[in-house]
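These notes concern the structure reproduced below.
The values are calculated or read from the model by the stated rules, or taken from the named source; none is laboratory data. For clarity, every value in this text was computed on a predicted model and none was experimentally measured. Methodologically, a virtual Cβ is constructed for each residue, glycine included, from the backbone with ideal geometry; neighbour enumeration extends over all protein chains shown.
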Amino acid sequence: MPQTTFITLRQEWQGAWHEAAFRRRVLTGLIILIALLSTFPVFFQHIERRHGTLLNDPFLRILTPHNISVPLFIVIWAITGYSIYRAAQTPMMFLTYLWSFIFLSLFRMLTITLVPLDPPAGLIPLVDPLSNFFYGDKFVTKDLFFSGHTSSVFLLSLTIPGRTDKKLALIATFIVGFLLLVQHVHYTLDVLGGFLFAWIAYWLASKFVDR
């Protein structure tokens, strides 16, 4: 990183950190996020033990399941890594995504609890060692409505600044959503729901951050 860019970046973060409201919301958000992540293994292992409903998904019936974990992993974490890089340059993006992800995680825990589903027929387990780390010892297949991967990547497209970067993240979202369906990891409803709840989480976080 050029020295002038590093100096500008440091000045932006120093200016933001001197604002008491920014500092308070970052620290509070990080504490809540850590608390949420620590509950994930217990929550998802509990979800995996219960019985749910098997949905009739016409779109999945026309898709022959294939194991495409590696392309999925590459797309998800490539756009995530790039967004982390951009968030490091933009304090407000970091704050907005932090709180958007908190709201999104709470929504997801609520909807998964209220909508018990069994995994689609033909499901091929998704190998994502980074995400699966938070799921506990047993592989989880019933964290269905709504799709966490789709919603998280779509959330990046909403929070990342710049038209080109937004388009890139949006394209990545559609790729991730489609590949999840090809692997039969989610129902179509799960993927579509990811768009809706990510937008709601972003809207709430924007209101909170701008307050």
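Does Tyr187 fit the bill of being in contact with a strand residue (DSSP E or B) (Cβ under 9 Å, 6 or more places away or on another chain) and hydroxyl-bearing (Ser, Thr, Tyr)? Can you show your working first?
Details: in contact with a strand residue (DSSP E or B) (Cβ under 9 Å, 6 or more places away or on another chain): yes; hydroxyl-bearing (Ser, Thr, Tyr): yes.
In short, yes.
Summed over region 88-107, the residues that are farther than 14 Å from Leu204 by Cα and either among the polar types (S, T, N, Q) or without any contact (Cβ under 8 Å) to a residue 40 or more places away in the chain (or both) give a count of 2.
Here are some residues: Gly29, Gly15. Which one is part of a helix (DSSP H, G or I) and either under 17 Å from Pro120 (Cα atoms) or modelled with pLDDT under 90 (or both)?
Working: Gly29 fails: either under 17 Å from Pro120 (Cα atoms) or modelled with pLDDT under 90 (or both).
Just one listed residue meets the conditions, Gly15.
Restricting attention to region 151-167, which residues are polar (S, T, N, Q) and in contact with a Phe, Trp or Tyr (Cβ under 9 Å, 6 or more places away or on another chain)?
Our first condition is that a residue be polar (S, T, N, Q); within region 151-167, this holds for 151-152, 157, 159, 164.
Selection gives Ser151, Ser152, Thr159.
Suppose the filter is part of a helix (DSSP H, G or I), aliphatic (A, V, I, L, M) and either buried (at least 18 other Cβ atoms within 10 Å of the Cβ) or touching a Cys at 6+ places or on another chain (Cβ under 9 Å) (or both); does Val75 pass it? Yes, satisfied.
Apart from one condition, Leu9 fits all of (1) surrounded by 15 or more Cβ atoms within 10 Å (Cβ to Cβ); (2) among the aliphatic types (A, V, I, L, M); (3) closer than 25 Å to Asp143 by Cβ; (4) out of contact with any Asp or Glu (no Cβ under 9 Å at 6 or more places or on another chain); the exception is (3).
Among the listed residues Phe146, Phe154, Phe139, Phe101, which satisfies the condition of being surrounded by 21 or more Cβ atoms within 10 Å (Cβ to Cβ), outside any helix (DSSP H, G or I) and of a type in the set (Phe, Trp, Tyr)? Give the derivation first.
Working: Phe154 fails: outside any helix (DSSP H, G or I); Phe139 fails: surrounded by 21 or more Cβ atoms within 10 Å (Cβ to Cβ); Phe101 fails: outside any helix (DSSP H, G or I).
Among Phe146, Phe154, Phe139, Phe101, only Phe146 is surrounded by 21 or more Cβ atoms within 10 Å (Cβ to Cβ), outside any helix (DSSP H, G or I) and of a type in the set (Phe, Trp, Tyr).
Taking region 113-127 as the search range and keeping residues that are part of a loop (DSSP other than H, G, I, E, B) and buried (at least 17 other Cβ atoms within 10 Å of the Cβ), which one is modelled with the lowest pLDDT? Of everything passing the filter in region 113-127, Leu126 is modelled with the lowest pLDDT.
Count of region 172-201 residues, restricted to those that are in a helix (DSSP H, G or I), within 20 Å of Trp77 (Cα to Cα) and in contact with a helix residue (DSSP H, G or I) (Cβ under 7 Å, 6 or more places away or on another chain), is 12.
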